[in-house]
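What follows is one structure encoded as C-alpha cells, with my remarks underneath.
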Amino acid sequence: MFYRQAQSAVMEALPRLKSLGIPTKRPSDYFAQMAKTDEHMQKVRELGFLRLSHIKPFSSFLALLYLLDHLIFLDSTEVS
C-alpha cells in the first residue's frame, strides 16, 4: 500500500517539477562526498573476506558430517 502511494506521488510530482524547470536528475559529473574513507572501506573489505574465507571450509565440514551421519553400510553379502 505504501509503495503504491509513493509511486503515485512520484508520478504526479515529476511532470510538475519538469514544468517548473526544476531538475530531477543529478548532473553526469556529480560526485557525492564519501561517508567513509577509502582506508576504512579497505579494512571492511578485508574483514569481510576473512569471514567469508572461514565459511566455505566450515560448510564443507558440515556437509562431510552429514554424509558420514547418513552413510549406509552395505552387508558384504549384498555386494557382488
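No value in this document is a laboratory result; all are computed from the given coordinates. Predicted model, so just to flag it, every value in this text is computed and none were measured. Backbone-built Cβ (ideal geometry, glycine too); neighbour counts: all protein chains shown.
Multiply the residue separation of Tyr66 and Met1 by 0.36 nm, subtract the distance between their alpha-carbon atoms, and state the gained length in nm to one decimal.
Length difference between fully extended and current span is 19.0 nm.
Give me the net charge for the shell around Glu12: Cβ to Cβ below 14 angstrom, other residues only, Lys and Arg +1, Asp and Glu -1.
So the environment of Glu12 carries a net charge of +3.
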